[in-house]
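See below for the structure under consideration.
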Amino acid sequence: MEKLDLKKLPRHIAIIMDGNGRWAQNKRLSRVKGHQKGLEAVKEVVETCGELGIKILTLYAFSKENWRRPREEVNELMRLLQRYLVEERKELLEKNIRLNAIGDLEDLPTPILEILKETVEMTRHKDGLILNLALSYGGRSEIVAGIRKIIEEVEQGKISRDDITPETFSRYLFTRDLPDPDLLIRTSGELRISNFLLWQIAYTELYFTKTLWPDFGKEELIQALLEYQRRERRFGLTTSQIRGSFTPA
Ligand code: FPP
């Protein structure tokens, strides 16, 4: 069996956790049950990333579009989020995990936003895995909000037009302090990005699996990491440049 090279792990993994509804449907269960089982998969993947020494895990837990789902489903997802944020506090602290959140967080119900802020604050000093939850997140909204902020700062004379580069632009996004994802995983067989981290995934390796999110766990994550390690990341350069045999003219 192939072995994972612990020195060549991605620094930042992002996951589109898809297929909870289909998992439930296949078992003739309610969609809510699929999300509940999905939360178990979240716990297993967070724990595995922590053990492997991954620095950042970004999970697409709730998109801006998800607010349009039936009210009972939205309520259940909010309830699961609240439960996770409260019940997992001890675990996060023990495992040295720092919680972070990205997205239009002010869209969240006030009690949940308060609990979220508390959990973020409680884990602020932790220096292990950063668990980054994308909540009421949409990539296009994030980019537009960044542009608005830049215009404001240019108008106020804080920055000039020439200061705006791809590097400085990144600092106006929710992910400002985080490196871009090295690996993006999407479960359930859909081959789409669905408005997730649009700017940040310019050079990210994409991994798609047919496994439905509730069935995703440690083994599947390791398979994705092995595939990542088989890939050659070139960032627009040639193979010989990447392998160090390149001599510039
Ligand atoms: C997509 O499956 C999944 C979601 C919209 C929500 C993801 C939420 C969880 C895994 C549980 C809560 C997580 C945390 C971190 C508290 P889908 O419902 O779109 O599946 P389908 O496409 O098969 O219908």
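Tabulated data for the structure shown
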{"quantity": "Residues located in the stretch 89-107, provided they are under 18 Å from the mean Cα position of the chain (by Cα) and of a type outside the set (Lys, Arg)", "calculated": "LEU92, ILE97, LEU99, ASN100, ALA101, ILE102, GLY103, ASP104, LEU105"}
{"quantity": "Which numbered condition PRO111 misses (of (1) within 18 Å of the chain's Cα centre (by Cα); (2) more than 19 Å from MET17 (Cβ to Cβ); (3) not in a loop (DSSP other than H, G, I, E, B))", "calculated": "(1)"}
{"quantity": "Which listed residue is within 17 Å of VAL120 (Cβ to Cβ), within 12 Å of the ligand (Cβ to nearest atom) and open to solvent by 80 Å² or more (accessible area, probe 1.4 Å), from GLU44, GLU87", "calculated": "GLU87"}
{"quantity": "Pairs where the first residue, in the stretch 3-25, is closer than 28 Å to ASN195 by Cα and without any contact (Cβ under 8 Å) to a residue 12 or more places away in the chain and the second is open to solvent by 80 Å² or more (accessible area, probe 1.4 Å) and near the ligand (Cβ under 7 Å from one of its atoms), C-beta under 7 Å, 6+ apart", "calculated": "none"}
{"quantity": "Scan of the stretch 7-59 for residues that are in a loop (DSSP other than H, G, I, E, B) and either over 17 Å from LEU226 (Cβ atoms) or among the basic types (Lys, Arg) (or both), ordered by number", "calculated": "ARG11, MET17, ASP18, GLY19, LYS27, ARG28, LEU29, SER30, LYS55"}
{"quantity": "Failed condition for VAL74, given (1) over 30 Å from HIS125 (Cα atoms); (2) away from the ligand (no atom under 12 Å from the Cβ); (3) of a type in the set (Val, Ile, Thr)", "calculated": "(2)"}
{"quantity": "Count - residues of the stretch 199-249 that are closer than 23 Å to LEU178 by Cα, at pLDDT below 95, out of contact with any helix residue (DSSP H, G or I) (no Cβ under 6 Å at 6 or more places or on another chain) and open to solvent by 70 Å² or more (accessible area, probe 1.4 Å)", "calculated": "3"}
{"quantity": "Residue within the stretch 174-194 that is surrounded by fewer than 15 Cβ atoms within 10 Å (Cβ to Cβ), of a type outside the set (Ser, Thr, Tyr) and modelled with pLDDT under 95 present", "calculated": "yes"}
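The values are calculated or read from the model by the stated rules, or taken from the named source; none is laboratory data. Computed from a predicted model, the values in this text were never measured in an experiment. Every residue, glycine among them, receives a Cβ derived from its backbone with ideal geometry; neighbour counts consider all protein chains shown. Ligands, DNA and RNA are excluded from the accessible area calculation, which covers all protein heavy atoms including side chains. Shrake-Rupley method; radii C 1.70, N 1.55, O 1.52, S 1.80 Å.
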